[in-house]
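Working notes for the structure below.
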Amino acid sequence: MQIRRLAVPALIPTAFLLGTLVNTGFTQQAAATPTIVEVGCMKVDPLKEEEYLKLEHDLWRPVHQERIKRGQLRSWTLYEVRYPAGSQRECDYRTVNVYNSLADTDRPIADVFTKVHPSVPISDVVRRTVMGRDMRNGELWYQVDQN
């Protein structure tokens with residue numbers, strides 16, 4: 001499983017915000033469609049971490065890959081967050097979902113899940129996912145202006 005480790009938990013928001021400040025004369029042409037970024041913060045019980053990562057990798061990752069193929073999602077990434085020794089850990093993992101529109105963030109996922117895993121009940125996987133981690137918070141960022 002590809003897990004990217006972060007030295008500073010604020011790296012994702014900082015990089016995003018700094019990227020919006022760069023003069024577009026020095027970057028590629030802005031995308032024609034807006035960018036919506038959804039960031040989730042999860043705290044995982046160390047005793048349940050292996051099961052949680054298995055769910056993300058074996059069940060949710062293929063679902064998100066199918067959503068990307070359908071154009072419902074631009075990207076999905078699971079990051080392991082690393083904090084300096086002795087610091088308080090708000091999150092153990094962050095997910096970053098990038099969408100083309102706000103409507104894409106609300107699309108039902110059950111039909112995609114059923115297509116990818118026809119013999120696996122989504123209700124069971126959702127229950128196991130919720131039991132495997134504590135969703136501490138979520139943020140939704142969107143592009144206000146392309147100039």
For region 84-147, what is the charge dipole size about the Cα centre, in debye to the nearest 20, if Lys and Arg each add +1 at the Cβ and Asp and Glu each add -1 at the Cβ?
300
Please compute the modelled spin-label separation between Lys54 and Arg82, points set 7 Å along Cα→Cβ, answer in nm with one decimal.
2.6
Per residue, how much accessible surface does region 26-147 expose to a 1.4 Å probe? Answer in Å², no decimals.
60
Expressed in whole Å with the largest first, what are the equivalent ellipsoid semi-axes of region 34-135 derived from the C-alpha gyration tensor as the square root of 5 times each eigenvalue?
24, 19, 10
So how do 56-68, 112-124 stack up, highest first, on mean other-Cβ count within 10 Å?
56-68, 112-124
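The values are calculated or read from the model by the stated rules, or taken from the named source; none is laboratory data. What you are looking at is a predicted structure, and each value in this text was computed from that prediction instead of being measured. Every residue, glycine as well, gets a Cβ built from its backbone with ideal geometry; the counts of neighbours run over all protein chains shown. Just so you know, the surface numbers come from the protein's heavy atoms only, side chains and all, with ligands and any DNA or RNA stripped out. Shrake-Rupley method; radii C 1.70, N 1.55, O 1.52, S 1.80 Å.
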